Amino acid sequence: MPSAAVIGELPTRWFNLLNHLPERLPEPRDPEGATPSRIEVMKRIRLKSMLAHDQATEPWIDIPGGVLERYQEIGRPTPLMRARLLERYLDTPARIFVKREDLLPTGSFKLNSSIAQAYYAAQEGVPALVSETGAGQWGHAVAYACRLYDIKNVIFWADVSAKQKKDRGTLIRMLGGVVYPSPSAETEVGRLLRERGTIGSLGTAIGEAIEFAASNSEFRYISGSNHPHVLLHQSVIGLETKRQLEAIGEVPDKLIACVGGGSNLGGFFGAFLPEKMRRGDELHMIAAEADTAPRLTKGEWRYDHADPIGVTPLTKSYTLGRDFPLPETHVGGLRQHNGSPAVGLLRKHGIIEACAYAEKDIFETGRLFLRLEGILAAPESCHALRAVIDHAIEARRCQRKEVIVCCMSGSGMLDLGGYAAFC
């Protein structure tokens, strides 16, 4: 068997994981006495097609031909790689496979949804989009996708990551995006957070992007994580992986992904949920998060806002609380106080497991993987790789010949500053 292969055709339908959740997704709520209604504002500023995707009950949604063409252009399906040198280094009987989303043009899985959302925006005649980004991967993907459809775009970027990843900011601007580090002076939300001395996060950027869309009628607000429509678009990751494993006669025992908002994890795990229901404990789904934002390992299952001011509706998931002091780290993609309600439900019912890792350990993992396999993973993806290593070592201890598959959600080529700080 080759060490890397693109096997099978590109999926032509998205998989709707909402039909495979253990209970109905909790409905968003308005905070008591909210004026205007947060829910109504979100309906007004979002794309009609994305609102429809969030409410879809069909098990499968056809991928438009225009989106399929773009997927093929960017290199889908992405390879499933056998990490043989890592296996040898660990002296493990486990077979390790890595889904290579880092090979897409912007270096991350985020294009799977940004292309879809930009396509639908163009179909609706929307001339401009605004969004938020944490580590910058989503902002980069939005700028890339908007250029395909001649759509203006504004990105509010968590200031911590914007300062750390200036090269990514350059790329976003070269693609035509307008970038505002968050909190910014462009919105009332940003100005208020600046007065408080708030360090920027994905949550601050969310609040600013929503206010910006509500105040500028030509813009519509789009998001790169948490929402059901994003997990729907990202299902191509899991669908491809499932086909690729079947083509080489491998059955996964453990699926591992990093978790921030939950979109790469939901997209990767989603297609395997029916199999999980059949196999039970024979198939493990493992979410790896940052110990500086340990929502799934230490958070509470309750309603909360996704932003620190309360601009968003209340959604139910695991949360650390919107006032949780998120420290300055180089793992911007996982640096948020709450996450996806769908992923939260899977955790609540024990369908997915969770573990958390320290920043120093994940950068050491990235360095090791580079030296062995020649691939530099994004800091976020290194959380998944760290979990892979831990489980491969456990397989060695138990002499268990299991199949471990992980999603490498992004490339680390624009994260060298973080690597330099720890390596």
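Taken together, the values in this text are just the output of simple stated rules run on the coordinates, not laboratory data. Keep in mind that what you see is a predicted model, and the values were worked out from it rather than measured. Note that we place each Cβ from the backbone using ideal geometry, even for glycine, and neighbour counts take in every protein chain shown.
A few comments on the model shown:
- Rounded to the nearest 20, the Cβ-based charge dipole of the range 296-415 about its Cα centre (Lys and Arg +1, Asp and Glu -1) stands at 400 debye.
- A simple rule links phi to the HN-Hα coupling: the Karplus curve 6.51 cos²θ - 1.76 cosθ + 1.60 with θ = phi - 60°, which for the range 109-115 gives 5, 4, 4, 4, 9, 5, 5 Hz, with x for Gly and Pro.
- Max mean-square fluctuation residue, GNM over the chain, Cα-Cα springs under 10 Å, options L314, L148, L17: L148
- A Gaussian network model of the chain, with springs between Cα atoms under 10 Å, assigns the largest mean-square fluctuation among G410, G267, G176 to G176.
- Most mobile of W301, W138, W60 in a GNM of the chain (Cα contacts under 10 Å): W60
- Modelled label positions at N216 and Q399, each set 7 Å beyond Cα in the direction of Cβ, lie 6.4 nm from each other.
- V130, V154 arranged by Cβ crowding within 10 Å, fewest neighbours leading: V154, V130
- Shape call, the range 1-143: gyration tensor on alpha carbons, a/c limit 1.5: prolate
- When you count the other C-beta atoms within 10 angstrom of each residue and take the mean per peptide, 163-171, 101-109, 258-266 line up highest first as 258-266, 101-109, 163-171.
- Averaging 1/r over each pair of different alpha-carbon atoms in the range 174-314 and inverting the result gives 17.7 Å, the Kirkwood hydrodynamic radius.
- Full extension of the chain between R194 and A421 yields a length gain of 79.0 nm, computed as 0.36 nm times the residue separation minus the alpha carbon distance.
- Annotation: aspartates and glutamates with alpha-carbon distance below 15 angstrom to K360 (same-chain offsets under eight excluded): E289, D291, E328, E380, D415.
- A crude spin-label estimate for the pair L85 and I248, with each label 7 Å from Cα along the Cβ direction, gives 1.6 nm.
- Shape call, the range 289-423: gyration tensor on alpha carbons, a/c limit 1.5: oblate
- Fewest-first ranking of M174, M42, using other Cβ atoms within 10 Å as the exposure measure: M174, M42
- Net length gained if the chain between M277 and R44 were fully extended (0.36 nm per residue, minus Cα distance): 80.2 nm
- The distance linking the range 10-41 with the range 58-86 is 25 Å (Cα centroid to Cα centroid, whole angstrom).
- Here K348 is the anchor, and the lysines within straight C-alpha reach of less than 18 Å, apart from those fewer than 8 places off in the same chain, are K276, K298, K316.
- Flagged links, alpha-carbon separation over 30 Å, of K43/K110; K43/K254; K48/K152; K48/K99; K99/K166; K110/K163: K43/K254; K48/K99
- Relative to the dominant Cα principal axis of the chain, helix 137-148 is inclined by about 70°.
- Cα centroid separation - the range 127-177 against the range 367-423, whole Å: 26
- Residues W14, W157, sorted so that the one with the fewest Cβ neighbours within 10 Å comes first: W14, W157
- Mean separation of Cα contacts under 8 Å, 6 or more apart, over the residue count of the range 46-164: relative contact order %: 21
- For the pair A34 and E58, a Förster radius of 51 Å applied to the C-beta separation gives a FRET efficiency near 0.95, rounded to the nearest 0.05.
- Share of alpha-carbon pairs per 10 Å distance bin for the chain, given as whole %: 5, 24, 36, 26, 8, 1, 0
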